[in-house]
Structure formats: C-alpha cells, structure tokens
Amino acid sequence: MVSLGTTRMAEFEGIVMFRRDYRERDMLVKILTDHYGFKMFFVRGARKRGFKLGAAILPFTTASYTGTINDDGLSFIDAVKDVAQYQQICQDILLNAYATYILGLVAAAFGDARPLGIWYPRIVAALAAIDHGLDAGIVTNIVELQLLENFGVKPNLKGCVICGRQSGTFDFSESYGGLLCQQHWSVDRNRMHLDQRTVYFMRFLARVDLLRLRSINLKEETKVKLRDTLDQIYNNDVGVSLKPKHFLDEMLKQNQNILKLRPGIDK
C-alpha cells in the first residue's frame, strides 16, 4: 500500500450498500469497506451499456476492490475480483429490507470513513446468515443488541444493576440501564414489565457470536416481544430514526395483515 498524504492506493474487501446516478453517465456507490469503513466512490461511466465493473457495484455485492482511497471527498475504484452477491437478499424484498436496515444502523453507529474493526466480519456474517436462510428478524435483533454499545448505550444484561445478582427473575429498567432482580423492582415503577422468556433471549442474543451462528429459532410471540422491546430502547435511549427501519416496519405490518386475512393460517 502506498500512502500519499490523504490519498492511498489500496486493495480492500467491501459490501455495496447502495448506488445512485450521478451526472449523465456516472454513479456514486457507497461501499462498506473492511479497513476504511463506509466510503463513497465515484465510478466514471457506470451508466454506460456494457460497463465492465457493472456487476461489482450492484447493491449487496461483495468483492475485492483495488482503487484510490481518499480520507476526504470521493474515492475511486480501478479494478475488482472475487465478485459475489447475496442472491436471496437481492431477490426477496423483506430480506432486502432487513439487510438494508442492518447496514443503515451500522452506518448510523460508526459514521463515514471510520474503520469498523471486528464489526466488519460481524456484518459479513450477519448478511451471510440471512442469505443462507436464518431468521432475518433474529439476526437483526442480535445486531441491534450488540450495537447498543457503539451508540453509547450499553445495558447491563449480566445481572441486577443494584445488587449484581445473576440468576432469578429479572425485568429491564431503562432508567437504570439494565436488569433489575425481583427484589429491586420497586426502585423503578416504570420498568418494562417484560416476561421472563423475553428477558432470557435478550441476555442470550447479546452474547451470541455472529461469526459462529449456524442456527437459531424462536417462537413468533417471542420474536414480536423482542422486536417491540428493542424498538422501545432504540426510540427512547438511542434516538435513532432511520428510513430503512420505517420501511421494514411497514413491510412487517403488511405481512401480518396478509396472514390475518388468509384462512387456515395457524397464528
């Protein structure tokens, strides 16, 4: 790698987040890179018929890129190899919505041009898990839970924030930033009043290693409660409002409405 001040030639891995038309024949392509975080690339001639790098700048494509990385402004792509695509994510609008939200959430947590460190392979693993058929909602919950620390919100899910007890019956307190054992529920009248199954899976998913995740299944009722709980934490404590999340929520509502209208569906 050759460094020229704020410009460097580099080979890097990346995941295409999105692209948009720029001028008459060009495109701007946002890529999550392994070493440089989210970077915006100017791709000259990308809208021309037969553009040789066309497959490498499609959303949800992974590749090894060679190009110019600029610390400020736009970066550039010169060559690519090992191009692959998350096929199921590209073909399924709901999976696409989950994956788009995950990338948007990571972008909100890290911002542009900030290296993700261990989070890059985690996101690669999360998208691969969704593409391979693991429950996209659960994978998303894992990312949401484990990203809280990067938003400056790290709930204590190991034990009671008051006494440290790690076993027994717990509830979650936003005011105290973590779990309260039953003996200390009285300190927060506004605790979330979660059922124990939801508390268990919050604690479990917060520890899951995305790099080793192979299978996971939860009851639909538990998945709904987990989603509602994490939505409340993100709305109240993180304060992040993302368009991909609103779109995903609308998709989930539509799916629920369709299921309610279809006869013979076991709810």
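Filtering segment 39-73 to residues that are of a type in the set (D, E, K, R) and under 26 Å from the mean Cα position of the chain (by Cα) leaves K39, D71, D72. If you filter segment 140-181 down to residues that are at pLDDT 95 or above and of a type in the set (K, R), you find that the one that is farthest from the chain's Cα centre (by Cα) is R165. Kindly check whether there is at least one residue in segment 80-100 that is on the phi > 0 side of the Ramachandran plot and modelled with pLDDT of 95 or more. Within segment 80-100, one or more residues are on the phi > 0 side of the Ramachandran plot and modelled with pLDDT of 95 or more. Restricting attention to segment 28-45, the residues being farther than 13 Å from F76 by Cβ and among the hydrophobic types (A, V, I, L, M, F, W, C) number 2.
Scanning segment 208-254 for residues that are among the polar types (S, T, N, Q) and crowded, with 17+ Cβ neighbours inside 10 Å turns up just one, T229. When the criteria are applied in full, S175 fails the requirement of being free of Cβ contacts under 8 Å to residues at least 24 places away in the same chain, of a type in the set (S, T, Y), surrounded by fewer than 17 Cβ atoms within 10 Å (Cβ to Cβ) and more than 21 Å from G159 (Cα to Cα). Within segment 178-197, being in contact with a Ser or Thr (Cβ under 6 Å, 6 or more places away or on another chain) and either assigned to a loop (DSSP other than H, G, I, E, B) or crowded, with 17+ Cβ neighbours inside 10 Å (or both) holds for L180, D188, R191.
From the list R25, R44, the one residue that fits, being in contact with a Gly (Cβ under 8 Å, 6 or more places away or on another chain), without any contact (Cβ under 8 Å) to a residue 40 or more places away in the chain and surrounded by fewer than 17 Cβ atoms within 10 Å (Cβ to Cβ), is R25.
Scanning segment 198-205 turns up no residue that is assigned to a loop (DSSP other than H, G, I, E, B) and touching a residue at least 40 places away in the same chain (Cβ under 8 Å).
The values are calculated or read from the model by the stated rules, or taken from the named source; none is laboratory data. Everything numeric in this text was worked out from a predicted model, so none of it was measured. Cβ atoms come from the backbone with ideal geometry, glycine included; neighbour counts cover every protein chain shown.
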